[in-house]
Each structure stands twice: as structure tokens, then as C-alpha cells.
1. With a/c under 1.5 counting as rounded, go ahead and sort the range 1-122 into rounded, prolate or oblate using the C-alpha gyration tensor (a ≥ b ≥ c being the square roots of the eigenvalues; past the cut-off, prolate if a/b is larger than b/c, else oblate).
2. Show which aspartates and glutamates lie in cross-link reach of Lys382 when reach means a straight Cα distance below 18 angstrom and same-chain residues fewer than eight apart are skipped.
3. Need the list of lysines near Lys828 for cross-linking: C-alpha distance under 24 angstrom, and skip anything on the same chain fewer than eight residues off.
4. Sorted from largest to smallest, which semi-axis lengths in Å does the alpha carbon gyration tensor of the range 687-732 give for its equivalent ellipsoid, taking the root of 5 times each eigenvalue?
5. Using a simple charge model, +1 on the beta-carbon of Lys and Arg, -1 on the beta-carbon of Asp and Glu, nothing else, what dipole does the range 603-728 show about its Cα centre, in debye to the nearest 20?
6. Can you tally the net charge around Cys490? Count Lys and Arg as +1, Asp and Glu as -1, for every other residue whose Cβ sits under 14 Å from the Cβ of Cys490.
7. How many percent of Cα pairs in the range 424-481 exceed 17 Å?
8. Under a Cβ-only charge scheme (Lys and Arg +1, Asp and Glu -1), can you give me the dipole magnitude of the chain about the Cα centre, in debye to the nearest 20?
Amino acid sequence: MKRSEVDREKISPMMKQYLEIKDNYEDTIIFFRLGDFYEMFFEDAIIASRELELTLTGRNAGLEERVPMCGIPFKAYEGYLDKLIDKGYKVAIVEQMEDPKTTKDMVKREVIQVVTKGTRLDSSIDAKDNNYIASIYSLDYCYILSFSDISTGEIYVLLESDDKEALLRDVLRHNFQEIIVNDATDRTLINTLRTTYHLNVSIYDGTCEDEKYAYIYKNIKDIREIAALKHLLSYLTTTKKGDLSHLKEAKEEDKKEHLLLDNNTKRNLELTETVRLRERANSLLGLLDKAKTAMGSRLIKQNLEAPLTNQKEIERRYDFVDKLRVEFILRDELKNYLNDVYDLERLAGRICYGNLNARDLLQLKNSIKVLPEIKKILTELKYDKDIETYDELFSLLDKSINEDAPLTLKEGSLIKSGYNEELDEVRSLASGSKDFILELEQKEKERTGIKNLKVGFNKVFGYYIEISKGQVKELKEEYGYERKQTLSNCERFVTPLLKEKENIILGAEEKIINLEYQLFMKIREIVKRYISSLQKTATIIAEVDMLCSFSTVADLYNFVRPKLVNDMTVKIIDSRHPVIEQVMSKENKKYVANDIIMDKDTSILLITGPNMAGKSTYMRQFAITVIMAQIGCFVPCKSCEMPIFDKIFTRIGASDDLVSGESTFMVEMKEANFALTEATKRSLILFDELGRGTATYDGMSLAQAILEYIHDKIGAKTLFSTHYHELTALAGSLKHLQNVHVSAVEENGKLTFLHKIKLGSVDKSYGLNVASLAHLPESLIKRAKEILDIYEKDGTKKKEFTQTSLFALDEEEVKEIDKTNEIEEAVKEIDPLNMTPLEALNFLYSLKEKIKKEEK
Ligand code: ADP
Ligand code: MG
């Protein structure tokens, strides 16, 4: 039965309450609290039972048919919730707002929060990564992109033109967990985001006019940006519902302050994860991140995705990294203290929002405990930023919070004794009464002379005095015993004194729990006042941690301080690819270092050399060196002189944009176009075998035209690798272009790669040698050699080749050529992007069969 089909006149009152709530949360699964369970109904129940493998049952709701229902115990709901959120659902949690025991009418229920992927504040989010939610706000002639990590409180805003491609690039660059768009947003854009890039997008309209949050945009001038921020804030406040005043003032993202890397570059260079397995460990981030705090790790990642362009700031970082290398003993001490610093940024969010427990405050205490030590070291190192220490806050937490406090706030044992007089009094009253009762047994035995008299406790009757049947007659009126319960072999009594003490104990326990909770909340209010200061400290700690990490890896992997120059000279001696070098060193192999030299008049290095020689790696290591240098890290080489770059563009390898399903060539041309339109003199362009995706002459002509364009019109520093040897002749006409090549040595037909880059060009491609390394059939390689010989003798025109060769070949060989043509034809026919793996395998198999037949 569907929700829309329900006759709301007939339905039970509770179901009516459910439907009224659900009406406002169409695209959200409702966890509806009923006693000890969260129940889901109707379509929600069907989805949840499928996704969570729960049994679908039904509930009588006054209708003919039962309403579909499934449920989860409220005590163990988190696992289920995480699963749904991971799958991209939103969940609204509906709680009972009154105690069912004390209300006669139906219990009031309300949504207390909506949990969504981009707005989580619990511990399920990755500590070493930001968790961003974005708003795309479409206006008539522009888009505004704003985004926030509410766990750390950061908010950014960015005004975009109405260029959809540019917007898309900025969206992809950031890795958003969730995106909201306003209703005015173009539906095709939404579709692209959803279906092509699998982003979690929902349409939301709303604006936050709450004065409480106006400080967030008070320094933003552009009213369009303010409107966008209000849109984002509206979503955040309506989903979270709690206090979000830990959010920081919004920052306008200024692209000029950063070395711009698009998403392709980030991926191609494996900055934060590897292309194939998407692992962090073998990425550049994995190599550079030796941070001790989650804040430091997040900052390193942020920097890698958006390095700096401000020379002063970069040099400032180098200075401190250098200092830490010299003062390595202090660095080690510092690292030890940093180890004790908890994630202050995210803690600030929890303090505000409310899902804070006593252990968080203990971690806060332990974190601020080491701050004076850290401050001392930083002063000694003449670090230019000053951190606060929080002596008062520390002593407050030290005095108040119990070291082994439980995770929940409603069990007591949160507050230390000695902190609050009233609490101490109630506690001693309770424990005094307990002692009194313990002593009572002995006293009553003496008073009554009944030897086997016992004092006991049970939940229904409370404290009692138990006397066996045989002894009951010994009781006298004057003792004041009052019969409570008769059992088969004994009777139980109370006395006024016992009752009085019992009341004190039970009352005291409840009072203690309430009092402790109130005291905890008061402490939280005090801690709240420190939030913005703690956030500032957290920012500094994160930076110190990052720079410590850079200094550590510089020592570990032999990095050197770059020299930033003002003209466009690049001189990197013995440059290495830091990640591949480490991977190789684990296998006891040595990475071959290479120079990257481009004086100010050289803009293009045209790189030729056989496949597998190391061209792509050489190009990547240049870009990686630039990125490392511009985040303030030292670089993998013997010495480095380089300018500050403004943007990096890459087209590397044949990695199809499988995500968007476009063909290699189309993607290639789009990326080339993007680079050619956006690049400046100060940019770095890496074009790896551009034009490979199309027919030879097309590809070669395009490559040449692109080279000429970069040479004449842009002047960006460009590494261009190619297998079109004809292009090397361009060095004659393009004076800013220089040929380099990667050599290989051939011995007895076997090829050894030296991975050494040298000036000038080579005229041999060794393609066949590589093919034989890949174990293609001998006969095929032999045949290819023959064809190559003919090519090399008779020039490269195919027509001529077929004519001369037909005469020159005997009948056997003609057949072979036909066969080759047949295979070639078959290969031309297919469209790999539209084949299933099975079809591809079958096709390969049929080719092999053809070749086999040929060999017979
Ligand atoms: P190309 O682009 O010329 O086909 P690649 O750059 O893909 O070649 O490199 C081919 C292989 O050679 C890679 O597996 C890489 O690990 C190795 N390699 C590349 N450059 C070096 C080097 N400088 N020292 C050692 N090994 C290298
Ligand atoms: Mg390559």
C-alpha cells in the first residue's frame, strides 16, 4: 500500500501524526521513534528493508490493509543509519518529545535532525579528510558556489561566470559529499552531476535570515554571494536544527592565491590517491603526510589540492621547515607533544552542536595541557605565530570532569567530587544513608535479639528487614516494625527510619544524576566561550604539524629547499619522482635522476623516445616538484631553481575519461582546448602524446599546430612528449622549442631502458622491441619488422607501399597481408567503449583464431 493511497480520514491518530511529519520530508527516510524502536512505514519501509536486509512487516492503522513497516532498535541504530547515508539517502530522526508515561494523549513527536552525507558531525566521517557540502546557486548570469565542512566550521564562497564547464570543473576539483542546488538551476546540469559524476544532488530552496548567523557573511560585499550563503545556511540549519555558531566567517575563494589544478591534473599526478586502486598510501599525499594530528593531515591535503602562489608565504614556510631540520631535537619533542593534541577543530563543532560527551572534554583537557610546552618550543624556534594557552580552562576541566566518565550524560559519574558543594552534599547523604543501612542490620539484631534478622533490597519494595517465620513472634510492638510482605518461610518489614533513609537514597541518586548533567551543561557553556579562540589555535597547530611533517619527509627522502626565481628559468638538477623512487627503493631498485632545464627563452621541451622509456614519468615529476615547492615543502632533487607557476594543465597517458563516457580523442581535445584557453606565460602544460587518439596524419598535424600555438601565442612552459619523430624538425623553425629524448640501448635485438633524458632527438622508436618485450607472437614481430623495412626504404606513403610491396612479395606473403588487413579491418570496425568485457574477450579470441589459421 502506498502512502498516497491512504484515506486520511480513517487512519489511526498515530499514523496521522506520522503522515503529517512525512509530508514535509518527501525525499527523506523517516526514523519514527516508537518506544524502543525506530520504525519506518510505507515506501520508506520498503526501501529500508531492501537496503538494510530487514524483515518487512505490517502495522494495523485502522485501514483495511496493513501499512508496510520495518524497524530497528533505537539502541543500535547507528550502523543502520550509516549504511543508508553511505548509499546516498537522507534520514530524518523523529523523537518522542514527551515522556509516554506522563502523557495521557498521544505523545508529541518531532524531527530532531536530518542526517545527510555532507552535514555529518559524528565520528563516522574520515578524520583525515574534509567533509564538504556545497550549494550551487544559479542566478540569471552567474553561478555561485559555496561550500562548508560543518565539522570544522569552514565556509567558502566563489562567484562563477555562467560557463557551465568552468563551474563543473570547480565542482569536481573539490570532492563534495553532497550538493544542494536552488530550484532555478538548469536540469541538465543537475543530471550531469548526478548521472555522469554520481554526485549526491538535491534541489532545495530556502534562505536563512536568522540574525544569529549573519556574522558569517558580514564581510562579504557581493549580494549574490550573500544570497548563496544564506541558501547554504538555510539547508544546514534546517537539517541540523542545533546550534551551529561554531561556523566561521565565510571566505571568498580567490583563485589568484592558488596554483590552479583541475581535477584531471589532480588525478593524473596521483596527488591524493592512485588512479587504479584509489589508495591514499601510494599517492603524493601518502608520502608527505607524516602529520601527528588529523588537523595537520587535512591541511596537507587541502594544500596539495590548492598550492600557493604567494612567494612570501611560501618562503616563510621554507624558513620554518629549514629551522625544524636544523633543530631536529626540538622537532622530535614538538612531534611528541602534537601527538597528544586531539582534533580541536572538530571538537569545537561538537561543543557547540551538542553531541558532546565527557570524554571529549577530557580530550580537550589533555590537548590544552600540552599547549604551554608547544608554545615554549615554538618561541624557541622563533615561529612567527603565537598560540594561546588555556590555563583557566584547563584547571576548570581538571577540577570538574571525572577521569573515567562514561560516554552517556544520563548515568552520573561525570563530575569529580570537590567541584560542587551541593553535589558533594547529596552524594555524602546518599552514601551516608547507605552506610547507615549497612550498619542497621547489626543494630537491629542487638535491639531485638533476633539473630538471623537481615536487611535486604528489591526493586518493588525497596529496603526491608527480613525475619524468618520462627522468629517473628519475638517482635514487639515497641520496635515499630510494619509488615510489608509475607513469604513461605519468612516475613519482611519496614521501619519508619528505614523508609526515611530509603527515600533519601533514591531521591539522592536521581538528584545526583540531574545535578551532574546540569553541571556538565554549565561547563559546556563555559567551554563554548573559548570556541573561536580554540579554532584559531587549531589553525596554527595544524600549520605547525604540517610543516613538521614537511621537515620530516625532507630528511627521510632527501628533499632540498627550492630557490624561487622571478624570471621563467627552470633548473632542476637530478630531479626524481618522489613516490616512484620510494616504491622502487622498497624493491631495491634505483631511480634514475634527470635534469629539467629550461632557460627563460625555452618554453617547450619536445620529448621523444621509445615507449616505456620514462617520458610520462619525467613530465609528472616536473609537475609534482612544482606542486611540492608551492605548498612550502622541499623538493626531490639535488638543487632546484624555478619560478612560481599560476596554473598546471595536464593531458597524460591514455586514461580515458571513463566517468563521462567520452572517447579518448574527444576528451583529449577538450582538455587541450581548456589548457590553450586558460594558460598564461606563467603556466605549466604537460601534453603527453597528444593526438594519439586519432589517425596518424590528423594527430601529427594537430600536434604541430598546437605546438606552434603554444610557442607563438602563449609561451607557457610546456613538456610535450610525442611518438611523431617528424615533429622534432620543428626545432629548426620554433626558436623557443628544444628537443630532448630518452635513450635506450639495443643489444642483440634486446632493449635496455636507461631512463636518462638527453638533449637532441633520436630517430628510432624501438616500438617493435617493446612489442617483443610484451611477448607478442614471434611471427607477428618478424612480419612487422619486414613491413617496417619497406616503410623505411620507400617513404611513408601507404599507396606506394602497397603497390611496390605487392610485386615484391610472393604468394604466401600476399595472403599474410590480406590476413593482416582482415584483422586491421576487424579492429577498425569495433568500438571498444561500447563493448562489454565479454564481447571484448570474444573479439580478442576471434582475432587469435584468425592469426592461428594464418600460421598453419
Ligand atoms: P613512457 O611514458 O616513456 O612510455 P613511463 O614514464 O610510463 O614511460 O615509464 C615506464 C616505466 O619506467 C615506469 O614503470 C617507470 O616506473 C619506469 N621509469 C620511468 N622513469 C624512470 C626513472 N627515471 N628511473 C627508473 N625507472 C623509471
Ligand atoms: Mg607515456
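Bear in mind these aren't lab numbers, they're just calculated from the coordinates by the rules spelled out. All values reported here derive from a predicted model rather than from experimental measurement. Cβ placement follows ideal geometry from the backbone for every residue including glycine, while neighbour counts extend to all protein chains displayed.
1. On the way: a/c = 1.66, a/b = 1.25, b/c = 1.33.
Oblate, since a/c reaches 1.5 and b/c is not below a/b.
2. Glu313, Glu315, Asp319, Asp322, Glu327, Asp332, Glu333, Glu373, Glu543, Asp545
3. Lys670, Lys782, Lys785, Lys797, Lys798, Lys799, Lys815, Lys819, Lys848, Lys850, Lys852, Lys853
4. Details: eigenvalues 58, 25, 20 Å².
Ellipsoid half-lengths, sorted descending, are 17, 11, 10 Å.
5. Numbers: 11 positive and 14 negative charges, 100 e Å.
With Lys and Arg at +1 and Asp and Glu at -1, about 480 debye.
6. Working: positive: Lys451, Lys454, Lys469, Lys473, Arg483, Lys484, Arg492; negative: Glu466, Glu474, Glu491.
The answer is +4.
7. Working: 772 of 1653 pairs.
That tail contains 47 percent of the Cα-Cα pairs.
8. Values: 126 positive and 146 negative charges, 360 e Å.
For the chain, the charge dipole is close to 1720 debye.
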